[in-house]
Amino acid sequence: MYRLTVVTKRYTRGKETVDALRGIDLTIADGDQLVIQGPTGGGKSTLLQMIGGLDRPSSGSVELDGVDLATTGEARLTRLRAEKIGIIFQSFNLIPTLTAQENVETALVPLGVKPAERRERAAKTLRSVGLGERLTHVPSEMSGGQQLGVPPGP
Ligand SMILES: Nc1ncnc2c1ncn2[C@@H]1O[C@H](COP(=O)(O)OP(=O)(O)O)[C@@H](O)[C@H]1O
Ligand SMILES: [Mg+2]
């Protein structure tokens with residue numbers, strides 16, 4: 001579970017400062033599904049970066065299962081991201097020269113998973129979202145929805 005306590009994020013550009021987050025308190029229990037809604041520039045992406053361990057808050061704590069992502073070391077943070085956090089980005093962040101299967105496999109490299117198991121797990125995951133026929137396609141050979149891994153409708 002997540003427990004965010006008085007999380008703030010201030011961006012500084014020269015003399016200009018932007019308070020993107022001003023004291024967010026938020027608890028997310030295991031199994032919760034949450035939608036964050038708000039105006040453009042309201043801080044949604046900033047909040048997701050804190051929750052995803054991609055950036056650190058200016059103050060406050062972002063605890064994931066008792067570990068504070070705000071202060072934990074970079075090596076441990078990398079490990080936690082690999083083990084516990086999955087993010088579907090607005091921009092795909094796929095590697096254009098790798099196939100669908102190889103792109104999915106990259107998430108398992110930091111976990112030290114052996115190549116044969118990586119290939120098998122990536123294929124299984126892609127099949128589970130209806131992309132079993134697209135394992136050897138590169139991103140430019142797939143639709144936008146397929147690049148995001150969105151399962152086709154019923
Ligand atoms: N890296 C950055 N440097 C400076 N200001 C930023 C940076 N990222 C976001 N901001 C500012 O922080 C505010 C929140 O941005 P953001 O979290 O991207 O909003 P949202 O995702 O809700 O549209 C905006 O005013 C934006 O201009
Ligand atoms: Mg955004």
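The values are calculated or read from the model by the stated rules, or taken from the named source; none is laboratory data. Model, not experiment: these values are computed from the prediction. Every residue, glycine as well, gets a Cβ built from its backbone with ideal geometry; the counts of neighbours run over all protein chains shown. For the accessible areas, the whole protein counts, side chains as well, though only heavy atoms, and no ligand, DNA or RNA atoms are used. Shrake-Rupley method; radii C 1.70, N 1.55, O 1.52, S 1.80 Å.
For the pair residue 34 and residue 59 in one chain, pulling the backbone fully straight at 0.36 nm per residue adds 6.7 nm over the alpha carbon distance.
Roughly what percent of Cα-Cα pairs across region 100-148 reach past 18 Å? Of all Cα-Cα distances in region 100-148, 25 percent exceed 18 Å. In this label model, residue 67 and residue 107 are separated by 1.7 nm, measuring between points 7 Å along each Cα→Cβ vector. Note on region 100-148: dipole from Cβ charges, positive end direction compared against 130, 147, 112; the farthest Cα belongs to 112.
Note on region 15-73: Cα-Cα pairs beyond 20 Å make up 28% of the total pair count. When the surface is traced with a 1.4 Å probe over the full set of protein chains, residue 35 keeps roughly 130 Å² accessible.
Note that region 100-148 presents 59 Å² accessible area per residue, ligands and nucleic acids not counted, probe 1.4 Å.
Restricting region 1-108 to GluC sites (Glu not before Pro) that sit in a DSSP loop and have at most 14 other Cβ atoms within 10 Å of their own Cβ leaves nothing. Structure note, pairs 9/84; 44/84; 9/124; 15/84; 9/114: Cα-Cα distances above 30 angstrom occur for 9/124; 15/84; 9/114. Counting only the Cα atoms, the chain fills a convex hull of 159 Å³ per residue. Site pair residue 128 and residue 18 shows an inter-label distance of 3.6 nm when each label is modelled 7 Å from Cα along Cα→Cβ.
In the assembled protein chains, residue 150 presents an accessible area of approximately 80 Å² (probe radius 1.4 Å). The calculated FRET efficiency for residue 45 paired with residue 136, based on their beta-carbon distance and R0 = 35 Å, is about 0.60.
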